[in-house]
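Structure record follows, encoded as structure tokens.
What follows draws every value from the coordinates through simple rules; no lab data is involved. Computed from a predicted model, the values in this text were never measured in an experiment. When we count neighbours, we look across all protein chains shown, and the Cβ atoms used for this are built from the backbone with ideal geometry, even at glycine.
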Amino acid sequence: MSRAKIIRNNPHESFICLSCGSAVSPLKNGGNQRNHCPKCLSSIHVDIIAGDRRASCHGIMKPISIWVQEDREWSLIHRCRNCGIIRSNRIAADDNEMMLFSLAASFMSQLPFPAGKTLDHIQALSLQKEENHE
Ligand SMILES: [Zn+2]
Ligand SMILES: [Zn+2]
């Protein structure tokens, strides 16, 4: 294996985010290799199978959703703007918390049905439950 190839395959190298332009340094305490920008949470479509760097697409993968797994660990759902593929990636310890929060909250502000009635209904149900306890 040539030296150049070793450097290119190093998962702990720094990179410039193609989406927001931030210089991204490797994760401080090792762990998983960085697969998205901690500032804007975007990724690049470079893998066919996670970590293989064999995809030729190289489109920007924007975070579109949060996936909360059974152990309450959060993953980001990324969608490639170029080819539309959807992937999940575990969040990192230094990911932008406000970005994660706004991503999670954005669904509640964009309900595809009138929310007012639904909220009234939920409130009514929660009051009914309290009455049943007494
Ligand atoms: Zn970025
Ligand atoms: Zn793609």
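Quick notes on this structure:
- Loop-resident trypsin sites (Lys or Arg not before Pro) (DSSP state other than H, G, I, E or B) in segment 60-134 with no more than 16 further Cβ atoms inside 10 Å of their Cβ: Arg72, Arg81.
- Ascending count of other beta-carbon atoms within 10 Å, so fewest first, for Phe113, Phe15: Phe113, Phe15
- The ranking of Leu100, Leu111, Leu76 from fewest to most other beta carbons within 10 Å of each one's beta carbon is Leu111, Leu100, Leu76.
- In plain terms, the residue of Ser109, Ser88 with the fewest other Cβ atoms within 10 Å comes first and the most crowded comes last, giving Ser109, Ser88.
- Farthest towards the positive end of the charge dipole of segment 12-95, among the residues His58, Leu27, Val46, is the Cα of His58, using unit charges on the Cβ of Lys, Arg, Asp and Glu.
- Distant alpha-carbon pairs in segment 3-133 (separation over 19 angstrom), percent: 59 percent
- Counting lysine pairs in segment 3-133 that sit 8 or more residues apart in sequence, or on different chains, and whose Cα atoms lie under 25 Å apart gives 5.
- Across segment 41-53, rounded Karplus estimates of 3J(HN,Hα) from the backbone phi angles (6.51 cos²θ - 1.76 cosθ + 1.60, θ = phi - 60°) give 6, 7, 10, 10, 7, 10, 10, 8, 10, 2, x, 7, 6 Hz, Gly and Pro being marked x.
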